[in-house]
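Written below as structure tokens is the structure these notes are about.
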Amino acid sequence: MSLKVSRDIMKFSNGRVAGALLFVATAQFLLGLVVAESLYPGYSISANYISDLGVGPSAVYFNSSVFLMGLLMIIGAYFLQRAFDYKVLTVLVVLTAIGAMGVGVFTEDFGAIHMVVSFIAFLFGGLAAIFSAICSHIHEFKLLKTSFSVIAVILGLMSLSAMVLFVTKVYLGLNFGGMERMILYPLLMWGAGFGGYLIASTEKGTVK
């Protein structure tokens, strides 16, 4: 077996692991979010912040789920770096993960600290989505095909744009809870889509 073939096999193997971890991280948090919303009496997706779920009867489910998401993303970033050596993307994913773990540890009762870690998760999550597409065009080993690259950029820009509107209190009729979800949901879509893409493409050996 040639050295090049051996390296390609390692890329595909590490890529599948990274994809699986990113997909599971996102999927379990989405399910945890639904459970937490269901257990919070009178919870409104428009009139409550997402982080309200981190206190009260839903706290254990929300906080453990968002912390686990961050932890799985960090491990996934390790395998992503081993597979493709995209340092900028790896750093962005790790920073997003640290922010998510911070949300699970520093609930909204911590005030400013909670706002900082939430900002880190949202900002670097949006940038990670965009850079997953950019990396496909500046590295020799192409990560994403053009179709998914466009989707990744759109989702990243949607999240970052919603964050600007949220910070400036322009809610477009969605109220603050709805606008905050317009930041989060595109990131979850990208995380699940990116993870699934890595699993499928590297399984077939078609990432090139």
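Just so you know, all these numbers are worked out from the coordinates, no wet-lab data involved. Remember, predicted model here, so these are calculated numbers, not experimental data. Note that we place each Cβ from the backbone using ideal geometry, even for glycine, and neighbour counts take in every protein chain shown.
Estimated at 0.36 nm per residue, the fully extended path between residue 185 and residue 46 surpasses their Cα-Cα distance by 48.7 nm. For Cα Rg over 2.2 N^0.38 Å, the choices are [x] 1.35; [y] 0.96; [z] 1.04; which was calculated from the structure? Correct label is [z]. Residues 52, 85 in ascending order of nearby Cβ atoms (within 10 Å, fewest first): 85, 52. Between residue 115 and residue 150, how many nm apart are label points set 7 Å from Cα along the C-beta direction? With each label placed 7 Å out from Cα toward Cβ, I get 3.9 nm.
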